[in-house]
Amino acid sequence: MRTSIAGGAVAILLTAIASLAAGGATMKITSSAFHEGANIPSKFTCDGSDTSPPLQIAGVPSGAKSLVLIVDDPDAPGGLFTHWLVWNIPPQTGSIAEGSAPQGVQGANDFGKSGYRGPCPPPGTHRYSFKIFALDRELELRSGAKRSQVDAAMKGHVIAQGELVGRYAKRK
């Protein structure tokens, strides 16, 4: 019994160390507008004013040189659909006000625009992931870069990350 408990503890410790070594440190991203797994109010969607929700960021590691914010829909019919893409956000950023963009560089979302575009799914409920990444450097990308370029530039530089998931079903 004692051996299996010790073995389990060692496995947990090794998993935690591997996770940290692979950039798996945890940050928090939250919103006062909706909670983890809850419905996103229509105000922040195409059914409302399509305003970005307020976001709070916590747990940024001291070694972070920049942050990346990505909002996407993993349930989109054509695959992952990006709604907002911002990088080189100052690491001391603790909040992003409702209806505003953080200081940083805006990329192209999958609507072909720059800036926030809220949930606007076809029929059915979709999940929307608000992801925050802490990087050990700034990204050398031009404004309007696409998601694939940002993902490639981030590779090997993520030191922590967090995620907030909300749900939305378009009004009929």
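The values are calculated or read from the model by the stated rules, or taken from the named source; none is laboratory data. Computed from a prediction, not measured in an experiment: that's the story for all the values here. When we count neighbours, we look across all protein chains shown, and the Cβ atoms used for this are built from the backbone with ideal geometry, even at glycine. Each accessible area value is taken on the protein alone, full model and side chains, heavy atoms only, with ligands, DNA and RNA left out. Shrake-Rupley method; radii C 1.70, N 1.55, O 1.52, S 1.80 Å.
Test Thr51 against the criterion of being under 13 Å from Phe130 (Cβ atoms), touching a helix residue (DSSP H, G or I) at 6+ places or on another chain (Cβ under 9 Å) and polar (S, T, N, Q), and give yes or no.
no
Scan the stretch 147-172 and report the pairs whose first residue is aromatic (Phe, Trp, Tyr) and whose second residue is open to solvent by less than 30 Å² (accessible area, probe 1.4 Å) and in a loop (DSSP other than H, G, I, E, B), with Cβ atoms within less than 7 Å and a gap of 6+ or a chain change.
Pairs found: Tyr168/Ile40; Tyr168/Thr45; Tyr168/Pro119; Tyr168/Pro121.
Leu139 versus (1) open to solvent by less than 40 Å² (accessible area, probe 1.4 Å); (2) assigned to a strand (DSSP E or B); (3) not β-branched (Val, Ile, Thr): which is the lone unmet condition?
Of (1) open to solvent by less than 40 Å² (accessible area, probe 1.4 Å); (2) assigned to a strand (DSSP E or B); (3) not β-branched (Val, Ile, Thr), only one is false for Leu139: (2).
Just one of (1) surrounded by fewer than 20 Cβ atoms within 10 Å (Cβ to Cβ); (2) touching a Pro at 6+ places or on another chain (Cβ under 9 Å) trips up Gly78, so point out which.
Going through the list (1) surrounded by fewer than 20 Cβ atoms within 10 Å (Cβ to Cβ); (2) touching a Pro at 6+ places or on another chain (Cβ under 9 Å), Gly78 breaks only (2).
Let me confirm something: among Ala101, Ala76, Ala145, which residue is within 15 Å of Tyr168 (Cα to Cα) and either assigned to a loop (DSSP other than H, G, I, E, B) or among the β-branched types (Val, Ile, Thr) (or both)?
When all the criteria are applied, what remains is Ala76.
Scanning for something surrounded by fewer than 19 Cβ atoms within 10 Å (Cβ to Cβ), at pLDDT 95 or above and hydrophobic (A, V, I, L, M, F, W, C), does the stretch 81-95 turn up at least one residue?
Checked against the condition, which is being surrounded by fewer than 19 Cβ atoms within 10 Å (Cβ to Cβ), at pLDDT 95 or above and hydrophobic (A, V, I, L, M, F, W, C), the stretch 81-95 yields no hits at all.
Restricting attention to the stretch 53-78, which residues are small (Gly, Ala, Ser) and in contact with a Lys or Arg (Cβ under 9 Å, 6 or more places away or on another chain)?
Those that are small (Gly, Ala, Ser) and in contact with a Lys or Arg (Cβ under 9 Å, 6 or more places away or on another chain): Ala58, Gly59, Ser66.
Would you tally the residues in the stretch 64-75 being closer than 18 Å to Lys28 by Cα and open to solvent by 40 Å² or more (accessible area, probe 1.4 Å)?
Selection size over the stretch 64-75: 1.
What number of residues in the stretch 96-130 are open to solvent by 40 Å² or more (accessible area, probe 1.4 Å) and either of a type in the set (D, E, K, R) or touching a helix residue (DSSP H, G or I) at 6+ places or on another chain (Cβ under 7 Å) (or both)?
Number of matching residues: 5.
Looking only at the stretch 37-70, how many residues end up being in contact with a Ser or Thr (Cβ under 7 Å, 6 or more places away or on another chain) and assigned to a strand (DSSP E or B)?
Total satisfying the criteria: 5.
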